[in-house]
Amino acid sequence: MQLVIDTEHDHYQLVNVGWLNKRRIYGCILHIDIKDDKIWIQHNGTERFVAEELAALGIPKDQIVLGFHSPYKRQFTEFAVH
């Protein structure tokens, strides 16, 4: 696994990179951006609900955007729409 951090543009990714047996492995596990002072979860390929974990750490749900859902679908969650 590789952690990709771009603090200048506030992009953060956890990426699976390497080889398993003789097969190449590559894929994004988790992608989070910070835009307009909100945390945007762009992709969550983990078994954990990262948004809930961030909320449990004290980040208000209206500051967390589930970017992997369409804006229409986001309105039906407890989290920010945009």
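Any read-out appearing in this document is the output of simple, stated calculations on the displayed coordinates, not a laboratory observation. Model, not experiment: these values are computed from the prediction. Neighbour counts run over all protein chains shown; Cβ positions are idealised from the backbone, glycine included.
In segment 50-65, is there at least one residue being of a type in the set (A, V, I, L, M, F, W, C) and assigned to a strand (DSSP E or B)?
Yes, the conditions are met somewhere in segment 50-65.
Out of curiosity, is residue 47 of a type in the set (D, E, K, R), under 30 Å from residue 76 (Cβ atoms) and either touching a Lys or Arg at 6+ places or on another chain (Cβ under 6 Å) or not in a loop (DSSP other than H, G, I, E, B) (or both)?
No; evaluated as a whole, the condition is false for this residue.
So the check is Cβ under 7 Å with 6+ separation or different chains; which pairs have a first residue in segment 11-29 that's over 18 Å from residue 47 (Cα atoms) and a second one that's among the hydroxyl-bearing types (Ser, Thr, Tyr) and part of a strand (DSSP E or B)?
Short answer, once both residue conditions are applied: 17/26.
Mind counting the residues in segment 6-37 that are among the charged types (D, E, K, R), in a loop (DSSP other than H, G, I, E, B) and more than 14 Å from residue 64 (Cβ to Cβ)?
3
Filter segment 35-58 down to residues that are surrounded by 13 or more Cβ atoms within 10 Å (Cβ to Cβ), within 17 Å of residue 10 (Cα to Cα) and more than 10 Å from the chain's Cα centre (by Cα), then give me how many there are.
Total meeting the criteria: 3.
Just to verify a result, which residue in segment 59-82, among those that are in contact with a Leu (Cβ under 7 Å, 6 or more places away or on another chain) and in contact (Cβ under 8 Å) with a residue 24 or more places away in the chain, is nearest to residue 10 (Cα to Cα)?
Of everything passing the filter in segment 59-82, 64 is nearest to residue 10 (Cα to Cα).
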